[in-house]
Amino acid sequence: MIFAATRFDDAWLIDIEAREDKRGFFARTWCRQELAAQGLDTEIAQESLSFNRYRGTMRGLHFQRSPHEETKIVRCTRGAIFDVIVDVRCRTPTYLRWQGFELSAENRRAIYVPKGFAHGFQTLTDDAEIAYQISALYAPDAAGGYRYDDVAFGISWPLPVTVISERDLGWPAFEADALSSPAS
């Protein structure tokens, strides 16, 4: 596994190290020892899969509130997505900054999303499939989110939104004073 820095100290872009021969290749996509050597969370409590029929589909921005914060490793296994993380930890120098990454079945990249980040993505292709490895069990009462188009973040999404859930449209606007931070 190859760990590439992002604009955040504790979020990482992960590339595979493919061992190729005439059959194709073999690559490790998760390794407790390599993650631990980077100082990253190695707990996996659940894995999830998201399938999205249409290009332009928007999901997020989601997070889990304390004490149910979660780290995620997100990988696109079919198609392509524009994946975004936003630092919503109020005591960091990167507070409210965001960064986007193209994850695709072709580039086989993953993003390590630490606790305290809101996460969302937009599909760049029809029939996009995204796999998540998540450090904590989902706690519905701790689920939080912000609108994908919140002016507090100023995210530049690559496409017009074609499909979005009522839930994601209903997330509140970001308010620093009202934030029940996912991690402080």
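Values for this structure:
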{"read-out": "Residue count for the range 130-139, restricted to those that are over 17 Å from the mean Cα position of the chain (by Cα) and either modelled with pLDDT under 95 or within 13 Å of Gly60 (Cβ to Cβ) (or both)", "value": "0"}
{"read-out": "Selection status of Glu129, under 23 Å from Ala18 (Cα atoms), in contact (Cβ under 8 Å) with a residue 40 or more places away in the chain and not hydrophobic (A, V, I, L, M, F, W, C)", "value": "yes"}
{"read-out": "Positions within the range 18-46 being surrounded by 11 or more Cβ atoms within 10 Å (Cβ to Cβ) and among the acidic types (Asp, Glu), in sequence order", "value": "Glu34, Asp41, Glu43"}
{"read-out": "Matching residues, the range 75-91, being more than 18 Å from Arg53 (Cα to Cα) and either surrounded by 20 or more Cβ atoms within 10 Å (Cβ to Cβ) or touching a Phe, Trp or Tyr at 6+ places or on another chain (Cβ under 8 Å) (or both)", "value": "Val84, Ile85, Val86, Asp87, Val88, Arg89"}
{"read-out": "Hey, Ala136 surrounded by 19 or more Cβ atoms within 10 Å (Cβ to Cβ), among the hydrophobic types (A, V, I, L, M, F, W, C) and not in a strand (DSSP E or B) or not", "value": "yes"}
{"read-out": "Selected residue (criterion: nearest to Glu106 (Cα to Cα)) from residues of the range 1-50 that are of a type in the set (D, E, K, R) and in a strand (DSSP E or B)", "value": "Asp15"}
{"read-out": "Residue count, the range 1-48 (criterion: basic (Lys, Arg) and touching a strand residue (DSSP E or B) at 6+ places or on another chain (Cβ under 6 Å))", "value": "2"}
{"read-out": "Within the range 100-129, tally of residues that are over 18 Å from Ala27 (Cα atoms) and under 10 Å from the mean Cα position of the chain (by Cα)", "value": "9"}
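The values are calculated or read from the model by the stated rules, or taken from the named source; none is laboratory data. Note that the structure is predicted; figures quoted are calculated from it, not measured. Ideal geometry is used to build each Cβ from the backbone, glycine not excepted, and the neighbour counts take in all protein chains shown.
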